[in-house]
1. Would you tally the net charge around P95, using a Cβ to Cβ cut-off of less than 12 Å, leaving P95 out, and scoring K and R as +1, D and E as -1?
2. Match the structure shown to one of the listed values (1) 1.01; (2) 0.93; (3) 0.95 of Rg/Rh (Cα atoms, Kirkwood Rh), computed from it, and give that label.
3. Whole-Hz ³J(HN,Hα) for each residue in segment 260-266, computed from phi via Karplus 6.51 cos²θ - 1.76 cosθ + 1.60 with θ = phi - 60°, x for glycine and proline: what do you get?
4. Under unit Cβ charges (Lys, Arg +1; Asp, Glu -1), what dipole magnitude, rounded to 20 debye, does segment 145-226 have relative to its Cα centre?
5. Label F70 and H148 with points 7 Å out from Cα along Cα→Cβ: what is the distance between them in nm?
6. Helix-only estimate, please: 222 nm mean residue ellipticity of the chain, summing -39500 (n - 2.57) across DSSP H runs of length 4 or more and dividing by its residues, to the nearest 500.
7. Determine which aspartates and glutamates satisfy two conditions relative to K245: a Cα distance under 12 Å, and not lying fewer than 8 residues away in the same chain.
8. Simple spin-label model, 7 Å along Cα-to-Cβ: N35 to K263 in nm?
Amino acid sequence: MSIQIVAQDLLADGKKTAGDIPPVLFANLKTLYQNRADRLKKLAEDSPLDGYLNFAATICDAQQQVLETFPLEIDLSAELQKAAGKPPLDCSLYPRTSHWLRLLDALIAVLKPEASEPVRAVLERLEHSPNLQREMMATELLCQDFKHVPADKAPFIWAALSLYWVQMAAQLRGVGRADYGENRQFCPVCGSIPVSAVIAASGLRYLHCNLCESEWHVVRAKCSNCDEMEHLNLWSIDDEQATVKAESCDDCGAYLKLIYQDKDPQADAVADDLATLLLDDRMEDKGLSGSGINPFLFPAQ
């Protein structure tokens, strides 16, 4: 992997990467979920997807509340030492503690009182599921084996897992170190995949992790999935000034949404991706497949 997470003292020369571009940006836990909830509610005002966007917003509100009530304190210095160029919080290998289950139960407790009858029924089934079953569903989601996890339970399980991973990422006390190289399609912090890419105010492109919410730099001239450069296309529903576009690659047949925060600073990697499902439909009509996964919309396999 060409971006590595290392202990801060290993960057003694202060150099972050070639060209001094920050390779990795960690999430701001103070504002992450509240800003996302606000964005989802705003996008819902003029959307045919208003019901689902508001549903996603309630989960984000609950994540913010649980984050403040059940903080995670953990020493991850050993994980940095033994990472050896691999993601220190590899989601397919990292041994979870029971804290993530505590977060899941807390999310359920926050969501149940105001939930609709169908959603409350799902929450109660999940609440009373044996921990072994919940652990198995979590593992299957993290390993992208989505077909074995009921679609109605997946967003809640992932919301708890994301809360767990984003808090660990915030406590890594590491920094990104970039070397010249390829293969940046996976998160250097946890090994998961992006939900979308954001174009920052600086014009730089960062892929946004769908699990630990970290962002990592990938140059705009390359396909974010296969690194090819020659056959890239940009698509939008409205016009060239759209806040959300899709970048497709003819070489690998994949596409990923681009969220232009330089055009709208309030745009969010998860919320704006979810609100533009019509663009996904158009891309799939062209025979292209998305290389990202939104935590509120897992693919059926």
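1. Net of charged neighbours comes to -2.
2. (3)
3. 8, 6, 6, 9, 9, x, 7
4. Charge dipole, segment 145-226, about its Cα centre: 160 debye, nearest 20.
5. Rounded to a tenth, the inter-label distance reads 2.4 nm.
6. -10500 deg cm²/dmol
7. The reachable aspartates and glutamates, counting only those whose Cα sits under 12 Å from K245, are D272, D273, D280.
8. Rounded to a tenth, the inter-label distance reads 1.9 nm.
The values are calculated or read from the model by the stated rules, or taken from the named source; none is laboratory data. Nothing here was measured: the structure is a model prediction, and the numbers come from that model. So basically every Cβ, Gly included, is an ideal-geometry build from the backbone, and we count neighbours across all protein chains shown. For accessibility, only protein heavy atoms count, side chains too; no ligands or nucleic acids. Shrake-Rupley method; radii C 1.70, N 1.55, O 1.52, S 1.80 Å.
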